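**Q** Right, I'll just put the structure down here and ask away after.
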Amino acid sequence: MTGIRTEPVTVNLGPQHPSTHGVFRLRVTFDGEEIIDLEPVFGYLHRGTEKLAETRNYTQIVTLTDRMDYVASMSNNLAYVRTVEKLSGIQVPERAQYIRVICAELQRIASHLMATGFLLNDIGALATPLIYCFREREKILDLFEMLCGARITLSYMRPGGIFQDADSDFWNALDILIQELPHYLDELEALISKNEIVLARTRSVGILSDADAIDYGVTGPILRASRVKWDLRKANPYEIYNRLDFEIPIGVEGDTYDRFHVRLLEMQESVKIITQCIKQIEKGPIRANTPYFIRPKPGETYQSVEGPKGELGFYLISDGGVSPYRCKVRAPSFINLTPLKKMMLGWKMGDLITILGSIDIVLGEVDR
Amino acid sequence: MTQIYFVQLIDFYSFYEMFYSIFQNLGFEKSSSWMSYIAAGGSLSFLAINLLVLATAFYTWFERRTIARFQVRRGPNRNGPFGLGQPFADVIKLIMKEDTIPSEADKPVFTIAPIALLAPTLLIITVIPIDDSSFLATLNIGILFIVGITSVNSIAIFMAGWGSRNKYAILGSMRGAAMLISYEIPMALGITSVLLIAGSLAMSEIVAKQEIWFIAVMPMGFFVFMASATAEMSRTPFDQIEAESELGSGYNTEFSGIKFAILFLAEFMAPIVTSAVVTTLFLGGSQGFNFLPGQFWFVLKMFVVIFALLWIRSTWPRLRVDQIMGFAWKILMELGFVNIFLIAIEVAILMDPVTGILTSQDMLIMAGINWVFTIITLVFLANFLGKRNYDRPDPVPSPLANMEPKGE
Amino acid sequence: MYGLGLIKGLGITMKNLVIPNRQFNIYQYPNKKVTPWDLAKINSSKTFPFIAKNPITTFKSLVGLVNVEERLPQHPNFRGEEFAWYDNRCTGCASCAKYCPLGIIKIVTGTSGVNSQEGQSYDLEVFDIDIGRCMFCGLCVEACPYDALHMGSGFEEAQYQRSNLVIDINKLKSAEKKPSTWFRPQLVKQGHDPITGDTADWKKVGRHEKPSLDDQSERWAKR
Ligand code: SF4
Ligand code: SF4
């Protein structure tokens, strides 16, 4: 007797697809609507950043790091310049450290806003929450324009500090932003995180258990959504994070909902951090005396910061010349993609999109 | 009803009589009957198609402007005053584009699909009584006609997906076929409850019976009908057929040029037609205050319905495909049945057995009972459904995490 | 209660529809449709007299046919295209060319040898910047020791051919000098605004005070 038989169908999601967040390709095998196999394919945006870094001097590489995670260039800059400072033993003035932390946190808010908005767009909310998020992100980008003249590819930080002090325009605008932002974030939370359709789509979907998350080396909001309380800002305080008081939000079970809820909570914490920084910051120099062509002593070092997507690390080897002998980037988006199969198998096509959205990948960083 | 009518809607029979007399005078004694049938039909369809296409053009403008406002944007505002020229620019652009047919496509099916999708939508408007009468005069099985005609939609969508031989399109049209057929049942149930009170299948009779609007008499029926109608035209939260973030563009992925324009037209005509049907069935049709003509009230009510649909569209995300099917079969259908039982019992008790008339007092009593019942049911359902997922425990840090500062 | 969140969501979108200050900061570049009220404000007259005086313009603007120019508000720090370069200040030292990560600045100095004497700056023959490849990082500006090269402030340099994007020495000389205040604290101190303000001539744009000997020793090569 032959019953009804279904035949698996293989679909190429991407590299040109509205919700793969860039040029990411997934070969997915569906049984009806259910995912039975998938294979991520990347490398479409590979630009050889690490190799290019070997032919540029240490300051010029800052411009390359902008283009890796292009929605969070500040964090990339910070991670890179910290590595160079460690490598060549440069002491950074305190004011510069404060401004760097403010910038990194602003960038974290901007990046998380974008992640949340696009996740909601993937769930199908016709861009409304996305545009509310972009409205707030735009204000942050305006701040960056005041600070350093660019909005996306900032190249703001330099080994030894920052290149330009923030003027009064910036501080005034920042004050206004800090006052208004929590209100808008609350509104955003009310709009989406209590919405029953969002809950139905995200709760208990794509669970990543804490043990798995640690095994796969996942970091950032995804790790914290899986209940693991790990944040480099607390675990290994860099810059001036040890003087600041903030919480690390964690999720309940590690599903899609937790991943975006953790981001929402983190934005509130970032606002808190910025408020404290504004209170503590004092006048002073903003850049250590560094030569134009930095020549670190031969050696190697690895430094990492807690970027918006996870642990963002740079590994540099110096041979004493003006440019590094080798540069390796630990890109969080790339490593966060590894448990993709674990999360997605057995779920429906709509869930595939939301799970991918909740990981918040930036292809510039995945492919480098 | 004593209303001032500024414009009398021209229906099929007045056309017919006009042409008949013209042909008689021209000297076609024998053949004037069938010739005037054809002429009346032709001019009627010309009128209906042009009216609807023009209305759809302005509707797309209205939709884009409204949704843009919800999304704190401006919407189209460059072409002409307030961007009113935008729909025409879009149409010209779409028509001028190359009309490609994929080489692997099933060409006849691929070509017929857009027309098959457009035709039923156009047909529906002919039986809607925009005023006391409709294009097809008072078709005495109006609502049955609508239910029958709309089921062609699912075939058309499946044709579009199947014919284009694209995996996304097939996924979209599979979803479409499953979804549209499922939602036809609750829709029919919602309509049945209307028919129980109105006691007639004719649209104008249904309007005339609404001394109290049926939305007030049976909110549950309205809810069931509205939800399934939203699904029938595949709007958020039920827009699984297109689901542009999942399927690219769903069943119309491969279409371009004039074919896409027609699909687009049909898709954007659906809200207009649906709101017209909702207005007729639940919002008292062309009833209103006397100082303005009935057409005005009808269009106003349509706009309110359209605005509500847009409001929902710009706020709510999309449900997953199995959740949508579950909603149709597990919730909407049950609600529809319960509603029908309730209305049937009430009608059986309250209706005058001899004349078969429901007075407005009777309807008020029904409204009271139904509202109480609806609220109780919805609250019960909400709490029953919400138990599982709504409240969560506080997060507990995993024991695997070890974030003690170094040296402690 | 289940379902309440959906209704709350509807309320929030409605709030954003109604409250005007929730609007996105939209600038209708390059021109904006204006209402009669805005027009009256632009012509600095009261609304009603304006409407009474110009009924045709009022009607036109009501149906959305009157445009006024509008640009994005730009901070003076904005790193724009069209570099502001002062040939009076430039010595042809080529620090900028060396420091550019992409190597897109091409400088050829004094091969003719006509004007070059001891104590004078080099004679510049070629100074090409290929802004088609430039990423406006500003490292060249940071490297210029004589404040001769500044970022520009514009962003409307679209061309039909890539070769037109190369700014050569003549273009640079004749271009309007509206330097960005990016990495130029002296311009910030003067309150220079490249978008609304005047052009800045070559005397104004430099750091005039000579650094003291201590400063100099602090600044250079203390490693
Ligand atoms: S701005 Fe950057 S890329 Fe452009 S010329 Fe200057 S250094 Fe080179
Ligand atoms: S612009 Fe500045 S850095 Fe470039 S050659 Fe002239 S003086 Fe030297």
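**Q** With runs of 4+ DSSP H residues as the only contributors, calculate the mean residue ellipticity of the protein assembly as shown at 222 nm using -39,500 (n - 2.57) per run, divided by the residue total and rounded to the nearest 500. Write down the numbers at each step before the final one.
**A** Values: 40 runs with 507 residues, N = 999.
Value at 222 nm, helices only, nearest 500: -16000 deg cm²/dmol.
**Q** Moving on to the next point. Which pairs in the list B:LYS107/B:LYS167; A:LYS139/C:LYS173; C:LYS106/C:LYS178; A:LYS297/C:LYS98 are over 27 Å apart, alpha-carbon to alpha-carbon? Show your work: numbers first, answer last.
**A** Values: B:LYS107/B:LYS167 17 Å; A:LYS139/C:LYS173 36 Å; C:LYS106/C:LYS178 22 Å; A:LYS297/C:LYS98 23 Å.
Long pairs (Cα-Cα over 27 Å): A:LYS139/C:LYS173.
**Q** Turning to a different aspect of this structure: Using only alpha carbon pairs under 8 Å that are at least six residues apart, calculate the relative contact order of chain A and give it in whole percent.
**A** On the way: 723 pairs, mean separation 98.4, N = 368.
Normalised by residue count, the contact order of chain A is 27 percent.
**Q** Okay, next question. If you count, for every residue in C:75-85, the Cβ atoms of partner chains within 10 Å of its Cβ, what is the mean?
**A** Details: counts 12, 4, 11, 6, 8, 2, 0, 0, 0, 0, 0.
So the per-residue partner count for this stretch is 4.
**Q** With a ≥ b ≥ c the root eigenvalues of the C-alpha gyration tensor of chain C, is it rounded (a/c under 1.5), prolate (a/b larger than b/c) or oblate?
**A** Numbers: a/c = 2.50, a/b = 1.97, b/c = 1.27.
The shape class here is prolate.
**Q** With charges set only on the Cβ (+1 for Lys and Arg, -1 for Asp and Glu), what does the dipole of the protein assembly as shown come to about its Cα centre, in debye to the nearest 20?
**A** Details: 96 positive and 102 negative charges, 387 e Å.
I would put it at about 1860 debye.
**Q** Compute the normalised compactness of segment A:175-294: alpha-carbon radius of gyration over 2.2 N^0.38 Å, N being the residue count.
**A** Values: Rg = 18.0 Å, N = 120, 2.2 N^0.38 = 13.6 Å.
Relative to the rule-of-thumb radius for its length, segment A:175-294 sits at 1.33.
**Q** While we're looking at this one, here's another question. Among all the aspartates and glutamates, which ones have a C-alpha under 15 Å from C:LYS171's C-alpha, if same-chain residues fewer than 8 places away are not counted?
**A** Counting by Cα, and skipping residues close in sequence, C:LYS171 has these aspartates and glutamates nearby: C:GLU81, C:GLU82, C:ASP87, C:GLU125, C:ASP128, C:ASP130, C:GLU157.
**Q** Taking the Cα centre of segment A:169-325 as origin, work out the dipole magnitude from +1 charges on Lys and Arg Cβ and -1 charges on Asp and Glu Cβ, in debye rounded to 20.
**A** Working: 18 positive and 24 negative charges, 88 e Å.
For this selection, approximately 420 debye.
**Q** Now, a different point. Between exposed GluC sites (Glu not before Pro) in chain C, where DSSP calls loop and at most 13 other Cβ atoms lie within 10 Å, what's the longest gap?
**A** Values: sites that count: C:GLU118, C:GLU156, C:GLU176, C:GLU209.
It runs C:1-117.
**Q** Under 15 Å from the Cβ of A:LYS279, count the other residues' Cβ atoms, weight Lys and Arg +1, Asp and Glu -1, and hand me the total. Display every interim value, and only then the final one.
**A** Details: positive: A:ARG95, A:ARG243, A:LYS272, A:LYS283; negative: A:GLU94, A:GLU105, A:ASP175, A:ASP245, A:GLU282.
My count for the surroundings of A:LYS279 gives -1.
**Q** Run the reach check for C:LYS60 against aspartates and glutamates, Cα to Cα strictly under 17 Å, same-chain hits fewer than 8 apart removed. What comes back?
**A** Once the sequence-local aspartates and glutamates are set aside, what remains near C:LYS60 is C:ASP38, C:GLU69.
**Q** So, one more: Could you tell me the ratio Rg/Rh of segment B:97-384? Both radii from Cα atoms, Rh via Kirkwood. Mind showing how you got there, number by number?
**A** Values: Rg = 19.9 Å, Rh = 19.8 Å.
On the Cα set of segment B:97-384, Rg over Rh gives 1.00.
**Q** So if a site counts as exposed when it's one of the chymotrypsin sites (Phe, Trp or Tyr not before Pro), its DSSP state isn't H, G, I, E or B, and it has at most 13 other Cβ atoms within 10 Å, what's the longest stretch of chain C without one? The partial results should precede the final answer.
**A** On the way: sites that count: C:TYR27, C:TYR160, C:TRP220.
Segment C:28-159 is the longest.
**Q** Could you give each residue of segment C:130-135 its phi-based ³J(HN,Hα) in whole Hz, using Karplus coefficients 6.51, -1.76, 1.60 with θ = phi - 60°, and x for Gly or Pro?
**A** Computed from phi, the couplings for segment C:130-135 are 8, 6, x, 10, 5, 10 Hz.
**Q** List the trypsin sites (Lys or Arg not before Pro) within segment A:257-307 that fall in a DSSP loop (any state other than H, G, I, E or B) and whose Cβ has at most 12 other Cβ atoms within 10 Å.
**A** Numbers: sites: A:ARG259, A:ARG263, A:LYS272, A:LYS279, A:LYS283, A:ARG287; in loops: A:LYS283.
Answer by residue number: A:LYS283.
**Q** What percent does the relative contact order of segment A:40-165 come to when contacts are Cα pairs within less than 8 Å and at least six residues apart?
**A** Values: 134 pairs, mean separation 41.1, N = 126.
Relative contact order for segment A:40-165 comes out at 33 percent.
**Q** Take every residue in peptide A:223-232, count the Cβ atoms of other chains within 10 Å of its Cβ, and give the average of those counts.
**A** Values: counts 2, 4, 1, 3, 7, 7, 7, 6, 2, 1.
Counting Cβ atoms of other protein chains within 10 Å of each residue's Cβ and averaging gives 4.
**Q** Got a sec? Charge dipole of the protein assembly as shown, +1 on Cβ for Lys and Arg, -1 for Asp and Glu; which of A:LEU191, B:THR359, A:GLN303 is way out at the positive end?
**A** Farthest towards the positive end: A:GLN303.
**Q** Got a sec? Charge dipole of segment B:97-384, +1 on Cβ for Lys and Arg, -1 for Asp and Glu; which of B:SER200, B:THR150, B:LEU117 is way out at the positive end?
**A** Most positive-ward Cα: B:LEU117.
**Q** Additional query: Kindly express, to the nearest 10 degrees and within the range 0 to 90, the angle between helix A:73-88's C-alpha long axis and the longest C-alpha principal axis of chain A.
**A** 50 degrees
**Q** If you don't mind, another one. Once all Cα-Cα distances of chain A are split into 20 Å bins that start at 0, what whole-number percent is in each one?
**A** Bin by bin from 0 Å, the calculated values are 29, 56, 13, 1, 0.
**Q** Starting from the eigenvalues of the Cα gyration tensor, five times each then square-rooted, give me the equivalent ellipsoid semi-axes of segment B:281-354, largest first, whole Å.
**A** Numbers: eigenvalues 175, 151, 8 Å².
Sorted largest first and rounded, they come to 30, 27, 6 Å.
**Q** Using DSSP to define loop residues, name the GluC sites (Glu not before Pro) in segment A:236-324 whose beta-carbon has at most 15 other beta-carbon atoms within 10 Å.
**A** Passing both the DSSP loop test and the Cβ count: A:GLU247, A:GLU282.
**Q** Taking the Cα centre of chain A as origin and charging only Cβ (+1 Lys, Arg; -1 Asp, Glu), how large is the dipole, in debye to the nearest 20?
**A** Values: 42 positive and 48 negative charges, 219 e Å.
Roughly 1060 debye for chain A.
**Q** Another question, then. Over the heavy atoms of A:ASP165, what accessible area does a 1.4 Å probe trace out, to the nearest 10 Å²?
**A** Answer for A:ASP165: close to 60 Å² accessible.
**Q** Here is a further query. Out of the trypsin sites (Lys or Arg not before Pro) in segment B:181-263, which ones are loop residues according to DSSP with at most 13 other C-beta atoms within 10 Å?
**A** none
**Q** Would you mind getting the accessible area per residue of segment C:15-135, heavy atoms of the protein chains only, 1.4 Å probe, in Å²? Write down the numbers at each step before the final one.
**A** Numbers: 6990 Å² over 121 residues.
Result: 58 Å² of accessible area for each residue.
**Q** Which of rounded, prolate, oblate describes the protein assembly as shown, given a ≥ b ≥ c as roots of the alpha-carbon gyration tensor eigenvalues and a/c under 1.5 marking rounded, otherwise prolate only if a/b is larger than b/c?
**A** Values: a/c = 2.30, a/b = 1.74, b/c = 1.32.
Since a/c reaches 1.5 and a/b is larger than b/c, the shape of the protein assembly as shown is classed as prolate.
**Q** With Rg and the Kirkwood Rh both taken from Cα atoms, where does Rg over Rh land for segment B:266-403?
**A** Details: Rg = 22.1 Å, Rh = 19.6 Å.
Answer for segment B:266-403: 1.13.
**Q** Taking only Cα atoms, what is the 0 to 90° angle, nearest 10, from helix C:4-18's long axis to the longest principal axis of chain C?
**A** Once rounded, one gets 70 degrees.
**Q** Note the angle between two axes, namely the Cα long axis of helix A:94-123 and the longest principal axis of the Cα atoms of chain A, as a number of degrees from 0 to 90, rounded to the nearest 10.
**A** Computed tilt is about 20 degrees.
**Q** Continuing with this model, one more query. Cα to Cα, under 17 Å, and not fewer than 8 places away if on the same chain: which lysines meet these conditions relative to A:LYS234?
**A** Of all the lysines, those that pass the test against A:LYS234 - Cα under 17 Å, at least 8 places apart if same chain - are A:LYS272, A:LYS309, B:LYS406.
**Q** List the residues whose amide H sits under 5 Å from the amide H of A:LEU337, counting only those 5 or more places along or on another chain, with H placed 1.01 Å from N in the peptide plane.
**A** Close amide H contacts, sequence-distant or interchain: none at all.
**Q** Please list the non-local residues whose amide H lies under 5 Å from the amide H of A:ARG25, H modeled 1.01 Å from N, same-chain partners needing a gap of 5 or more.
**A** Those lying under 5 Å, H to H, from A:ARG25 are A:VAL41.
The values are calculated or read from the model by the stated rules, or taken from the named source; none is laboratory data. Owing to the predicted nature of the structure, the values given are computational and were not obtained by experimental measurement. So basically every Cβ, Gly included, is an ideal-geometry build from the backbone, and we count neighbours across all protein chains shown. The protein model used for the area step is the full one, side chains on, heavy atoms only, and it has no ligands, DNA or RNA in it. Shrake-Rupley method; radii C 1.70, N 1.55, O 1.52, S 1.80 Å.
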